[in-house]
Every structure is written in structure tokens, then in C-alpha cells.
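Novice: For reference, the structure I am asking about is given below.
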Amino acid sequence: MNVYEIDPTTDQRWEDFLQRHPQASIFHTRGWLEALRNTYDYTPVAFTTSAPERPLTNGIPFCKIAGFFDKRRLVSLPFSDHCQPLVQTSEQFKCLTAYLHRKRGLEKWDYVEMRPLNSMLPNGRGFDNSQSFFFHRLNLRRGLDEIFQNFHKDCVQRKIRRAEREGLDYEEGITDSLLNQFYRLLLLTRRRHGLPIQPVSWFRNLIAHLGANLTLRVASKDGQPIAGILTLRYKQSLVYKYGCSDQRFNALGGMQLLFWRAIQQAKQDQLCEFDLGRSDTDNPGLVAFKDRWGAAQSNLVYFRCGTKYSQRLTKAHQAAISKYLWSHAPTTMLTAAGRALYRHLG
């Protein structure tokens with residue numbers, strides 16, 4: 001088979017192909033790719049065996065990234081929890097992966113990385129396991145009462161009732177006011193975790209390109225924002241992408257209220273699943289939080305062709321240097337670092 005390179009943000013066949021493919025997600029869409037390009041200057045590209053004059057029957061989207069020290073790489077896709085290769089047959093997949101393996105060598109890419117939702121990439125053919133995560137997905141096909149009863153009684157059900165007793169205010173939308181509230185909470189959270197914050201332009205570009213498929217949800221107490229989440233919607237799936245809070249108010253149940261409202265809305269819209277995203281395997285707190293919603297847990301494995309990935313070295317470096325630095329850095333430095341660093345970290 002021949003392999004063709006297309007720009008999925010301009011090829012008129014791409015969005016129609018995504019609508020037809022059952023495994024397409026919000027991360028495959030033109031809007032997500034445009035936000036990546038406009039924020040981080042990445043170059044979107046997709047590889048397919050479908051000739052230019054034919055309808056698309058398969059495709060794997062990537063972004064070309066220029067990292068530190070002129071290290072170039074292809075990632076499918078940066079800042080995306082998962083990006084399933086959209087193929088029909090194993091022959092198509094073998095052809096595309098073989099092409100990518102050759103392309104990396106010819107064009108001197110540091111590595112090529114895929115982030116499939118299921119572990120369909122066998123070791124060999126130049127690709128090896130690089131990183132592993134836990135992945136949680138909540139089935140929304142059950143009745144709302146049954147879903148609620150499967151929540152952890154102390155950590156979720158009682159927190160939702162506490163939030164209702166406290167009279168927490170709930171607001172959703174994509175207004176500048178909500179974005180500002182969400183971003184201030186995100187800054188608190190990133191500092192608490194010892195991490196630089198994503199540039200605010202990333203969220204503005206997501207709103208601009210995803211529109212009604214994105215929702216900001218903020219809980220407040222007496223006018224004080226205390227928790228926020230950002231969710232994405234595509235087809236029959238709701239995706240939890242970002243969450244943040246002011247930990248001084250965690251006992252009030254603001255985060256649990258936001259998740260519950262998101263689930264209630266998803267059921268009203270007849271969605272089938274709530275994608276809670278990936279969690280680092282060494283983050284037991286986040287894993288437990290997602291488990292307590294009755295979500296099914298599975299493994300999420302990334303595959304890489306090229307430079308080996310040393311998770312131990314990355315974690316050790318962050319623990320020894322980065323976490324201390326970012327947790328003590330002034331706000332101006334934290335935001336400036338995010339603008340400078342994130343485009344190299346996808």
C-alpha cells in the first residue's frame with residue numbers, strides 16, 4: 001500500500017471520516033489540532049493509505065514537535081490522554097507503522113510516539129512500550145440512581161450532599177469570567193503539585209476552536225470560587241480533561257458537586273460514557289478519586305519508536321528539582337515558565 005501525508009486541519013475529508021469512525025475522539029478533531037497549532041506552534045499531519053482522490057478509510061494524526069536541543073519528534077497526540085489509530089484492518093496498520101519507522105530514520109526524528117486507547121501496538125516493528133498509566137471510564141448507560149449508588153458512600157455521596165447543604169453555587173459555560181475563575185484555581189493547583197501552569201492561551205484557543213464541545217464548570221461559596229473542571233464532549237462521550245481547586249475548601253465537596261452535575265447533564269443529553277482520563281501509576285490519590293466514582297479501571301500504554309523513555313529518570317528529576325522550584329516560584333515566574341516550556345513538553 002502507498003502511504004500519503006495530509007493536513008487534517010485543511011483536508012475536507014477528515015471531519016467526515018471522524019464522524020464515520022466509531023473510535024474517533026475529541027482528540028482527533030480539527031478543533032483540538034488547531035488549538036495545539038495556535039498555542040504551541042506544532043504542525044499537524046496525518047498518515048493514511050487512502051489516495052487523495054478517494055474517501056478516507058483510515059488515518060493516524062500526529063503533531064510535529066521541535067523540542068529542546070533541536071530534538072524533533074512525532075507525537076500522536078501531544079497533551080492528549082489517548083489517540084487511537086483509526087484503521088480498519090491489521091494490514092493498514094502494519095503498512096502505516098512500517099512507514100513511520102522508515103520515516104523516523106530518513107528524517108532523523110528523535111522518536112515517534114503513539115498513544116492508543118487499547119494496546120493494539122505489538123512490540124517489534126520498531127515500537128516498544130514507553131509509558132504506562134491507569135485509565136478510567138464511567139458507564140453512563142445505567143440509570144442515574146444506579147450510577148449514584150455505585151459512588152463511594154463517604155468520599156462521593158456524602159460530599160455531594162454536603163455541597164448541597166452548604167448551598168454551593170454552580171456555574172457553567174465558556175465566558176471570560178468563568179475562564180478567569182478556573183485559571184486562578186488551576187494556578188493554585190499547579191503550584192500545590194509543584195508544576196508550571198499551562199499558558200492561558202491554550203484554554204482560550206480550546207474555547208475558540210471547540211466552542212460548545214467544551215464546558216467550564218465552577219463551584220463557589222459565598223462568591224469565592226473553590227473548584228473547577230473543564231470537560232469536552234464528542235459524539236456520545238464526555239471527557240474530563242482538567243480539574244482544580246482551592247484546597248482550603250475541599251471539605252465542602254465542590255469537586256464532587258461538579259462531577260455530579262457533569263454526569264447529570266451527560267445523562268440528560270443521552271451520552272454513553274464519561275472518560276475520566278489517564279492517571280500516573282504513582283499517583284494513588286488521583287487513582288483512588290476516580291475509582292470512587294464507580295469507573296472501570298484499565299491500563300493505558302504508550303508506544304515509542306526511537307529514543308528510549310526513562311520514566312524513573314524523569315520522575316526522579318522532577319521530584320528532586322522541579323517540584324521544589326515550581327512550588328516556591330512567584331506567580332509571574334510560574335506563568336512565564338509555562339509559556340516557555342509547554343511547547344517543548346507535548
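Just so you know, all these numbers are worked out from the coordinates, no wet-lab data involved. Note that the structure is a prediction, hence the values are computed from the model and not measured. Here Cβ is always computed from backbone atoms with ideal geometry, including for glycine, and neighbour counts include all displayed protein chains.
Novice: Go ahead and estimate [θ] at 222 nm for the chain from helices alone: -39,500 (n - 2.57) per DSSP H run with n ≥ 4, summed, over the residue count, rounded to 500. Don't skip to the answer; put the middle values down first.
Specialist: Values: 12 runs with 126 residues, N = 346.
It lands at -11000 deg cm²/dmol.
Novice: Still on this model: Most fluctuating residue of Asp145, Asp128, Asp176 in a GNM of the chain with Cα springs under 10 Å: which is it?
Specialist: Answer for the Gaussian network model of the chain: Asp145.
Novice: At 0.36 nm per residue, minus the direct Cα-Cα distance, what do Tyr170 and Gln264 gain on full extension? Give it in nm, one decimal, please.
Specialist: My answer for the length gained is 32.5 nm.
Novice: Can you list residues whose amide H is under 5 Å from Ser130's amide H, if they're 5+ apart or on another chain and H is modeled 1.01 Å from N?
Specialist: Those qualifying (amide H under 5 Å, at least 5 residues apart or on another chain) are Tyr302, Phe303, Arg304.
Novice: Pairs to check: Lys241/Lys290; Lys64/Lys103; Lys64/Lys241; Lys94/Lys235; Lys64/Lys108. Give those whose C-alpha atoms are more than 18 Å from each other in this structure.
Specialist: Values: Lys241/Lys290 13 Å; Lys64/Lys103 13 Å; Lys64/Lys241 22 Å; Lys94/Lys235 28 Å; Lys64/Lys108 12 Å.
Correct reply: Lys64/Lys241; Lys94/Lys235.
Novice: Please report, in debye to the nearest 20, how large the charge dipole of segment 4-126 is about its Cα centre when each Lys and Arg carries +1 at its beta carbon and each Asp and Glu carries -1 there. Don't jump to the answer; show the numbers that get you there.
Specialist: On the way: 16 positive and 14 negative charges, 81 e Å.
Dipole of segment 4-126, to the nearest 20 debye: 380 debye.
Novice: Spin-label point model (7 Å from Cα, Cβ direction): what's the Glu53 to Ala336 distance in nm?
Specialist: 5.7 nm
Novice: Right, another one. Residue by residue through segment 32-49, which ³J(HN,Hα) values in whole Hz follow from phi under the Karplus form 6.51 cos²θ - 1.76 cosθ + 1.60 (θ = phi - 60°), with glycine and proline marked x?
Specialist: For segment 32-49, the Karplus-derived couplings read 4, 5, 5, 5, 4, 5, 6, 8, 10, 6, 7, 10, x, 8, 10, 10, 8, 9 Hz, x marking Gly and Pro.
Novice: Search the structure for amide H atoms under 5 Å from the amide H of Arg72, placed 1.01 Å from N in the peptide plane, and list their residues when 5 or more places away or on another chain.
Specialist: Amide H neighbours of Arg72: Gly67, Asp110.
Novice: Could you calculate the contour length gain from Asp7 to Asn283, that is, 0.36 nm times the residue separation minus the distance between their Cα atoms, to one decimal place in nm? Numbers along the way, then the final one.
Specialist: Details: separation 276, 0.36 × 276 = 99.36 nm, distance 3.64 nm.
Contour length minus Cα-Cα distance gives 95.7 nm.
Novice: Charges on Cβ only, +1 for Lys and Arg, -1 for Asp and Glu, centred on the Cα centroid of the chain; of Gly126, Ile60, Met114, which one is farthest towards the dipole's positive end?
Specialist: Gly126
Novice: In nm, to one decimal, how far is the modelled label at Ala208 from the one at Glu15, with both set 7 Å along Cα→Cβ?
Specialist: 1.7 nm
Novice: Moving to a separate point now. Once the Cβ-Cβ distance between Lys153 and Asn180 is put in as r, and R0 is 25 Å, what FRET efficiency do you end up with, to the nearest 0.05? If you can, show how the numbers build up before the last one.
Specialist: On the way: r = 35 Å, r/R0 = 1.41.
Computed FRET efficiency for Lys153 and Asn180 comes out at 0.10.
Novice: If each of Asn299 and Arg248 carries a label point 7 Å out from its Cα toward its Cβ, how far apart are those two points in nm?
Specialist: For the pair Asn299/Arg248, the computed spacing is 4.4 nm.
Novice: Quick one: which residues, 5+ away or cross-chain, put their amide H under 5 Å from the amide H of Tyr242? H built at 1.01 Å from N.
Specialist: The list, which skips near neighbours in sequence, is Leu230.
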